[in-house]
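The values are calculated or read from the model by the stated rules, or taken from the named source; none is laboratory data. What you see is a predicted model, and the numbers here were worked out from it, not measured in a lab. Because the Cβ atoms are built from the backbone with ideal geometry, glycine has one as well, and the counts that use them run over all protein chains shown. Ligands, DNA and RNA are excluded from the accessible area calculation, which covers all protein heavy atoms including side chains. Shrake-Rupley method; radii C 1.70, N 1.55, O 1.52, S 1.80 Å.
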Amino acid sequence: MFAAPGGGLGVTPRITSLLIKPASAVCNLDCAYCFYLDREADPYKALPARRMTDETLERLVDSYLFYSYPNSVFAFQGGEPTLAGLPFFEKLVAFQKQYGRDGQNVSNALQTNAMLLTGDWCQLFREYNFLLGVSLDGPQEIHDLYRYNKEGRGTWKRVIESVELLKNNQVEFNVLCVLNQANVHKPRELYKFFRGLGIDNLQYIPLAEFEKDGTPMPFTINAAEYGKFLVETFDLWWPERRKVRIRFFDNVAESLAGIKPGSCTLHETCDSYVVVEYNGDVYPCDFFVEKDWKLGNITLDSWSEIARKQKRYSFATKKTLAHPECRVCEFQSICHGGCPKFRHGPNRRFEDLDYFCGAYKMIFKHAVGPLKSEVEKLLKQNSRQTFA
């Protein structure tokens, strides 16, 4: 339970992972649907070159390893994090070795557009067991429609080259697919394409961006489209559920098993991770890296101080502003009102329904029964093995 600073019941929750932006919003691509690059609310938009310094990196690693013992999670995103350069990440693991303590578990994750990957990157990822995510929206005609470089050229061929490079170098990775108007109506084609590449770990991320007046942007999908996609994908995945992972279905199963889901969308409050920008500034969420939500800076504030910030408490509780429909919804205990980004997006109100509420209801009605039975079966199997 999240207690307001200065009193109240419960305890202030710890920061359990970091989402780090070593190159801030800077990217080597110019994807049409990118929500992060060239935002009006970007606190650093006047600064063209943004790279985390070695001093900031060392402070970040040293202080967070001390705070987060015994389990420390560093995730890197962008913009494009590989723009920080391979030496940056070699220093990262060197600092982790230097400041880590006996019995400490340290994990690193990185989400990339895969444009800069080489054999040397693969060696680093493999040696230190990075959890790697590659952005790929499907076959070439789908992917290249929105994901292109600064010259307006498609990026699919380079991404596929990198996928083959990772496979040849025995680097484990998953694929992050953004669901947009180019692919949301093609669940079977997408699933067949990814399985044909040998991908067995998938994340589907729904795209919803809005104009100032609340009008959905042209590439944005709606709740009915997303819900239908999830239902059809679930049916394609179900026969392969023991050998293919789809993050959303994993997260629902975790919730049904009484485990905190891996995705913050299904958490009760928004307080599991924080964003660290290239200069050490800290924010409560990737979608709200804005001046008014700044929590502090790692060169000035300790992690314990940042965790107790009133703004962090205020942001975390935005998700608890239950809409009247949520209070009587049979699935409230699974989605907990959805994601504040999708509640806030159309009308700039956190108290609104999640834009994808209808999609969640569609997939929960379709999938909760089978997933619950599967979870119960697995729990019984584990119980028998424990007492065998």
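Residues of segment 114-152 with an amide N closer than 16 Å to a point placed 7 Å from the Cα of Lys97 along the Cα-to-Cβ direction: 123-130. Taking 25 Å as the limit for the C-alpha separation, the pairs Lys260/Lys319; Lys97/Lys309; Lys319/Lys365; Lys91/Lys157 exceed it in the case of Lys97/Lys309; Lys91/Lys157.
Only protein heavy atoms count here; under a 1.4 Å probe, Tyr226 has an accessible surface of about 10 Å². Packing, taken as the mean count of other beta carbons within 10 Å per residue, orders the peptides 92-104, 331-343 from highest to lowest as 331-343, 92-104. Kirkwood-type hydrodynamic radius, the chain: 22.0 Å, calculated from all non-identical alpha-carbon pairs. Annotation: peptides 315-327, 111-123, ranked by per-residue average of other Cβ atoms within 10 Å with the highest first, follow the order 111-123, 315-327.
Distance cut-off 20 Å, Cα to Cα: go down the list Lys192/Lys341; Lys311/Lys341; Lys291/Lys318 and report the pairs above it. Pairs exceeding 20 Å: Lys192/Lys341. Taking the 1.4 Å solvent-accessible surface of segment 82-215 as the whole, the part contributed by carbon and sulfur is 47%.
Label sites at His323 and Glu351, each approximated as a point 7 angstrom past Cα along Cα to Cβ, lie 1.4 nm apart. Note down the net charge around His323, summing +1 for each Lys or Arg and -1 for each Asp or Glu among other residues with Cβ under 14 Å from its Cβ. It works out to a net charge of +2.
Helix content alone sets the calculated 222 nm mean residue ellipticity of the chain: runs of n ≥ 4 DSSP H residues at -39500 (n - 2.57) each, divided across all residues, give -11500 deg cm²/dmol. Quick one: with all protein chains in place, what share of the accessible area of segment 259-325 is carbon or sulfur, to the nearest percent (1.4 Å probe)? Summing carbon and sulfur atoms, their accessible area is 51 percent of the total for segment 259-325.
For Lys228, the aspartates and glutamates whose Cα falls under 20 Å of its own Cα, not counting residues fewer than eight places away in the same chain, are Asp137, Glu189, Glu209, Glu240, Asp250, Glu330, Asp354. Ligands, DNA and RNA are left out, and with a 1.4 angstrom probe the accessible area of segment 1-122 is 45 Å² per residue. Classify segment 254-388 as rounded, prolate or oblate from the Cα gyration tensor: take a ≥ b ≥ c as the square roots of its eigenvalues, call it rounded if a/c is under 1.5, otherwise prolate when a/b beats b/c and oblate if not. Here segment 254-388 falls in the oblate category. Potential lengthening of the chain between Lys157 and Glu305 amounts to 48.7 nm, from the contour at 0.36 nm per residue minus the alpha-carbon distance.
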